[in-house]
Amino acid sequence: MTTDKRANFGSKLGVILASAGSAVGLGNIWRFPYETGENGGAAFIIIYLGCVLLMGVPIMVAEFLIGRRSRANTAGAYQRLAPGTPWKWVGRMGVLAGFLILSYYTVVAGWTLEFIYEAATNSFADKNAEGFIAAFDSFVANPWRPLIWLVAFMLMTHFIIVKGVEKGIEKSAKIMMPALFILLIILAICSISLPGSSAGINFLFKPDFSQINSNTFLSAMGQAFFSLSLGMGCLCTYASYFKNDTPLSKVALNVATIDTLVAILAGIIIFPAAFSVGIKPDAGPSLLFITLPNVFQQAFGSIPLLAITLSIMFYVLLAVAALTSTISLHEVVTAYLHEEFSMTRKKAACIVTTSCIILGVFCSLSLGVGKEYTLFGMTLFDLFDYVTAKLMMPIGGFLIAIFTGWYLDRKIVWEEITNQGKLKPIIFKTLVFLLKYFSPIAILLIFIHELGLL
Ligand code: TRP
């Protein structure tokens, strides 16, 4: 593999949108609200914002620099920058994490397809909150339906991955991201105007610090890593396609801002509506899927055509947001197999797709017919989520921070982050401080705290 044979992202906007496309996804719209709901609301969000700014942005810059400097897949990147050292294991762990995340993430992505179908066949009409909950439960418990959607979604991802980087990823991100954003704003306005929605706004913005427990910090940190696609080499792989003059810290800040705005918007849609119709905020992974149909029903139910159009649009855009994320996860594993085991991209992609479908089937069944089979008290689905978001990604982030802050030659770090001196020294120094000291120590403290030792 030679450097110049690797594809490049076409334009600057394309770079930001593709990275933002990886970051913005179910993590923001599905996972952020339910984690916020389970962890008590506003106080969790404040800790989350701290994690995004003080750990997320610097670690994202670090991943960008590792990827662009090495111009290789995640595992190969460490081999190039630190040949003959165990650092390659950070990359390999990232590939494994990507593989696991893709397996259970696609299950939920498949749900969005079911909801497109339900919206199109007008099955939201005449249901109340209990009706939506019952319908969702019976859908997830059905042994076949979720699996069919799961396979369909994985094949869509596969198709785009095989078509190549620039044409697939960049184009879909450019059109769909802004459309999603606009629709989210419309829905947020609708949700706020529902009767009794103010309780939801209070839940989101009035912090109650007595809600914080040992788990809150780990959950907030895990959510930050998950939502920003950090700690497993995803953005590192994307950055290997960046151009040499892409300003890494600016892109990182932009991506983090877009990602956070979408998450907060999703919160503004979910909680006012949930409180308005009496759905508990700690409903867990089903929260988005049982709350949102209520918004369409309550706000537009009297004009069925509008309700149907808007709900189809929303679920299509949600599916696309999920798709730009599954593509980025798939790409990590595919690029690894393709470059490290010198197989064709197509063959690599086929292996990833097939094995993720198999694992995904088990994850999906673990929520329905296989509910009673648990490991460490969790279903396979929950276990995959826990192991990746709350263990592997923070550990990966920790090691990435150590790698760039302590191991890598400072000159390389400076050249990449500042693009040969084109960044204010104070910003560079702050980023290095956060990578060298703040992020590793904060991640360690959160782990120690979670283990009950602090
Ligand atoms: N960040 C994406 C989301 O919010 C999911 C995702 C894509 C991801 N790539 C990742 C999560 C890499 C962790 C690591 O939906």
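The values are calculated or read from the model by the stated rules, or taken from the named source; none is laboratory data. Only a predicted model underlies this, so the values are computations on that prediction, with no experimental measurement involved. Counting neighbours? That spans all protein chains shown, and the Cβs are built from the backbone with ideal geometry, glycine included. Areas reflect the complete protein model, heavy atoms only, side chains present, ligands, DNA and RNA absent. Shrake-Rupley method; radii C 1.70, N 1.55, O 1.52, S 1.80 Å.
Of everything in the range 308-330, what is touching a Phe, Trp or Tyr at 6+ places or on another chain (Cβ under 9 Å) and within 9 Å of the ligand (Cβ to nearest atom)? Give them in sequence order.
ALA322, SER325, THR326, SER328, LEU329 - these are the residues of the range 308-330 that are touching a Phe, Trp or Tyr at 6+ places or on another chain (Cβ under 9 Å) and within 9 Å of the ligand (Cβ to nearest atom).
Which one of ILE201, ILE279, ILE212, ILE270 is under 19 Å from GLY40 (Cα atoms), within 16 Å of the ligand (Cβ to nearest atom) and in contact (Cβ under 8 Å) with a residue 60 or more places away in the chain? I'd like the intermediate steps shown before the answer.
On the way: ILE201 fails: within 16 Å of the ligand (Cβ to nearest atom); ILE279 fails: within 16 Å of the ligand (Cβ to nearest atom); ILE212 fails: within 16 Å of the ligand (Cβ to nearest atom).
Of the residues listed, the single one that is under 19 Å from GLY40 (Cα atoms), within 16 Å of the ligand (Cβ to nearest atom) and in contact (Cβ under 8 Å) with a residue 60 or more places away in the chain is ILE270.
Restricting to the range 215-267, and then to whatever is within 14 Å of the ligand (Cβ to nearest atom) and of a type in the set (Val, Ile, Thr), can you tell me which residue is nearest to VAL333 (Cα to Cα)?
Among those that are within 14 Å of the ligand (Cβ to nearest atom) and of a type in the set (Val, Ile, Thr), it is THR237.
Can you run down the residue pairs with Cβ atoms below 8 Å, 6 or more apart or on separate chains, where the first is in the range 46-57 and within 10 Å of PHE225 (Cα to Cα) and the partner is surrounded by 23 or more Cβ atoms within 10 Å (Cβ to Cβ) and of a type in the set (D, E, K, R)?
Note: pairs meeting the criteria are VAL52/ASP259.
Can you pull out every residue in the range 115-147 that is open to solvent by 80 Å² or more (accessible area, probe 1.4 Å) and free of Cβ contacts under 8 Å to residues at least 24 places away in the same chain? Step through it out loud before you land on a result.
Taking the range 115-147 as the starting set, the residues that turn out to be open to solvent by 80 Å² or more (accessible area, probe 1.4 Å) are 117, 126, 128, 130, 137, 144-145.
Of everything in the range 115-147, those that are open to solvent by 80 Å² or more (accessible area, probe 1.4 Å) and free of Cβ contacts under 8 Å to residues at least 24 places away in the same chain turn out to be TYR117, ASP126, GLU130, TRP144.
Scan the range 376-394 residue by residue and report those that are under 17 Å from LEU96 (Cβ atoms) and not polar (S, T, N, Q). Spell out how you get there, then give the answer.
Our first condition is that a residue be under 17 Å from LEU96 (Cβ atoms); within the range 376-394, this holds for 380, 383-394.
LEU380, LEU383, PHE384, ASP385, TYR386, VAL387, ALA389, LYS390, LEU391, MET392, MET393, PRO394, listed by residue number.
Condition check ((1) among the hydroxyl-bearing types (Ser, Thr, Tyr); (2) open to solvent by less than 10 Å² (accessible area, probe 1.4 Å); (3) over 22 Å from GLY50 (Cα atoms)) across all residues:
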site: ILE212; (1), (2), (3): no, no, no
site: ASN215; (1), (2), (3): no, no, no
site: ALA224; (1), (2), (3): no, yes, no
site: LEU228; (1), (2), (3): no, yes, no
site: SER240; (1), (2), (3): yes, yes, yes
site: THR246; (1), (2), (3): yes, yes, yes
site: LEU253; (1), (2), (3): no, no, no
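Conditions tested, residue by residue: (1) within 15 Å of the ligand (Cβ to nearest atom); (2) surrounded by 22 or more Cβ atoms within 10 Å (Cβ to Cβ); (3) at pLDDT 95 or above; (4) more than 22 Å from PHE217 (Cα to Cα).
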| residue | (1), (2), (3), (4) |
| --- | --- |
| THR2 | no, no, no, yes |
| ALA18 | yes, yes, no, yes |
| GLY21 | yes, yes, no, yes |
| ASN28 | yes, yes, yes, no |
| GLU35 | yes, yes, yes, no |
| VAL52 | yes, yes, yes, no |
| ILE66 | yes, yes, yes, yes |
| ASN73 | yes, yes, no, yes |
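Given the criterion within 12 Å of VAL107 (Cα to Cα), open to solvent by 10 Å² or more (accessible area, probe 1.4 Å) and either more than 16 Å from the ligand (Cβ to nearest atom) or under 17 Å from the mean Cα position of the chain (by Cα) (or both), identify the matching residue among LEU391, LEU367. Steps first, answer last, please.
Values: LEU391 fails: within 12 Å of VAL107 (Cα to Cα).
Unique residue meeting the criteria: LEU367.
Looking at GLY196, is it away from the ligand (no atom under 16 Å from the Cβ), more than 30 Å from LEU65 (Cα to Cα), outside any loop (DSSP other than H, G, I, E, B) and touching a helix residue (DSSP H, G or I) at 6+ places or on another chain (Cβ under 6 Å)?
Values: away from the ligand (no atom under 16 Å from the Cβ): yes; more than 30 Å from LEU65 (Cα to Cα): yes; outside any loop (DSSP other than H, G, I, E, B): no; touching a helix residue (DSSP H, G or I) at 6+ places or on another chain (Cβ under 6 Å): yes.
Considered against the rule, which asks whether it is away from the ligand (no atom under 16 Å from the Cβ), more than 30 Å from LEU65 (Cα to Cα), outside any loop (DSSP other than H, G, I, E, B) and touching a helix residue (DSSP H, G or I) at 6+ places or on another chain (Cβ under 6 Å), GLY196 comes out as no.
Quick check on this structure: which one of ILE303, ILE279, ILE290, ILE268 is β-branched (Val, Ile, Thr) and open to solvent by 40 Å² or more (accessible area, probe 1.4 Å)? Walk me through it before giving the result.
Numbers: ILE279 fails: open to solvent by 40 Å² or more (accessible area, probe 1.4 Å); ILE290 fails: open to solvent by 40 Å² or more (accessible area, probe 1.4 Å); ILE268 fails: open to solvent by 40 Å² or more (accessible area, probe 1.4 Å).
Testing whether each residue is β-branched (Val, Ile, Thr) and open to solvent by 40 Å² or more (accessible area, probe 1.4 Å) leaves just ILE303.
Among the residues of the range 277-303, write down those that are modelled with pLDDT under 90 and either in contact with a Pro (Cβ under 8 Å, 6 or more places away or on another chain) or of a type in the set (Gly, Ala, Ser) (or both).
Hits for the range 277-303 are ALA299, GLY301, SER302.
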